[in-house]
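Have a look at the structure below before the remarks.
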Amino acid sequence: MQVAEHGTALDPAQWLSGFLQRRREQIAQRWADAALFRTVFTVSRDEAVEAGKVVVDALADVARSGRLEDLRAAGFESVRDLLGRMAAARARAGHSPAQITDQVAELREPAAALLRAEFEDPAGEDAHACLLALTLLTGTLRLVVMETSVSAGEDLIARQREQLLEMTTPVISLWEGIVAVPLIGTLDSARSQVVMESLLEAIVSRRARYAILDITGVPTVDSLVAQHLMKTVAAARLMGAECIVSGIRPAIAQTIVHLGIDLGTIITRTGLADALAYALAQQGIVVSPGPPAGTNPR
């Protein structure tokens with residue numbers, strides 16, 4: 001390796017850090033025209049340039065630390081949110097993680113062109129060593145973006161799953177002071193927690209005195225599901241509401257008995273209509289049966 005000024009050997013990582021700081025403006029200007037920045041920051045080009053400067057500063061910090069291949073280098077922490085938003089924007093536009101990381105790789109060449117111009121001999125040993133350091137650093141940036149985009153994707157899936165759980169567990173008002181949750185499908189721990197939270201919020205916001213859990217659409221009930229139901233009933237009571245479980249089909253009743261689960265403290269009714277009639281009767285409201293079909297009510 002050639003000897004740098006003042007008789008000291010050139011340190012590629014430290015030199016790269018200084019180069020990124022010196023050429024910060026030029027690199028950011030060139031990156032603003034790259035696909036990764038241009039298609040994310042569409043309000044103005046200046047916005048893309050400023051984002052580019054933030055990334056250049058982070059890379060300079062990483063190079064200064066000498067941890068060119070470390071995804072956990074402190075310098076990357078300052079741009080993870082920014083990179084995550086950029087990756088998410090590209091993902092929403094229909095780009096795969098591989099395509100996004102390829103767009104990150106495209107950032108190397110604009111910086112490499114400026115780097116070569118710093119040396120009298122762009123093909124010399126010093127230039128080659130610094131170019132290799134830049135390649136390692138941008139390669140690590142690709143991995144950081146990939147990791148961030150995968151994490152963002154997992155967060156999005158988790159939020160969508162939570163929203164889906166909330167949509168599939170609606171709390172409806174049947175009468176003044178009476179709410180119901182018609183459950184359909186399999187109950188697991190996550191969904192049971194959503195049911196409990198939604199029901200308790202509805203009891204408070206609608207001042208409900210009776211809450212009906214209708215499990216007509218639940219295919220099976222095991223000990224875990226039964227425990228969740230009992231916890232929900234207990235929580236509703238603490239909130240001042242009486243909880244009624246309806247829709248226990250014969251097969252489910254046999255399963256509960258076979259498992260030795262005691263639901264003796266829980267009010268149960270055959271169906272939602274019976275549960276509603278019970279809640280109304282408890283409030284002193286009598287519902288008269290309608291006239292037989294085909295008869296004149298007069």
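Please treat every number below as a calculation from the coordinates, not as lab data. Since the model is a prediction, treat every value here as computed from it, not as a measurement. Cβ placement follows ideal geometry from the backbone for every residue including glycine, while neighbour counts extend to all protein chains displayed.
On the beta carbon distance between S65 and R45, with R0 = 30 Å, the FRET formula returns roughly 0.45. In segment 176-272, what trypsin sites (Lys or Arg not before Pro) fall in a loop by DSSP, with at most 12 other Cβ atoms inside 10 Å? When the trypsin sites (Lys or Arg not before Pro) of segment 176-272 are filtered for loop state and at most 12 Cβ neighbours within 10 Å, R207 remain.
Residues V194, V49, V204, ranked from the fewest to the most other C-beta atoms within 10 Å, line up as V204, V194, V49. Amide H to amide H distances under 5 Å link I212 with V179, A180, V181, I244, where only residues 5 or more positions off or on other chains count and H is placed in the peptide plane.
Given 25 °C and 0.890 mPa s, how large is the Stokes-Einstein diffusion coefficient of segment 172-282 in µm²/s, with Rh as the Kirkwood radius over Cα pairs? Roughly 178 µm²/s, to the nearest whole number.
Ordering G18, V56, T101 by the projection of their Cα atoms onto the charge dipole of segment 5-161, which places +1 on the Cβ of Lys and Arg and -1 on the Cβ of Asp and Glu, puts T101 at the extreme positive end.
Restricting segment 164-244 to GluC sites (Glu not before Pro) that sit in a DSSP loop and have at most 14 other Cβ atoms within 10 Å of their own Cβ leaves E176.
Given the alternatives (1) 67, 20, 15; (2) 35, 24, 18; (3) 31, 24, 17, semi-axes √(5λ) of the Cα gyration tensor in Å as computed for this entry is given by (1). Among V54, V286, V104, a tally of other beta-carbon atoms within 10 Å of each Cβ gives an order, fewest to most, of V286, V54, V104. Rounded to the nearest 10 degrees, the angle from helix 12-22 to the longest Cα principal axis of the chain is 80 degrees.
Shape annotation for segment 5-161: C-alpha extents along the principal axes are 61, 30, 22 Å, from largest to smallest. Measure nothing but the geometry: give the 0 to 90° angle between the long axis through the Cα atoms of 272-282 and the longest principal axis through the Cα atoms of the chain, rounded to 10°. Helix 272-282 sits roughly 70 degrees off the main axis of the chain.
Seen against the Cα atoms of the chain and their longest principal axis, helix 125-167 is set at about 10 degrees.
Near I184, no amide H atom lies under 5 Å from its own; only residues 5 or more places off or on other chains count, and H is placed 1.01 Å from N. By the helix-only formula, in which each DSSP H run with n ≥ 4 contributes -39500 (n - 2.57) and the sum is divided by residues, the chain has a 222 nm mean residue ellipticity of -19000 deg cm²/dmol.
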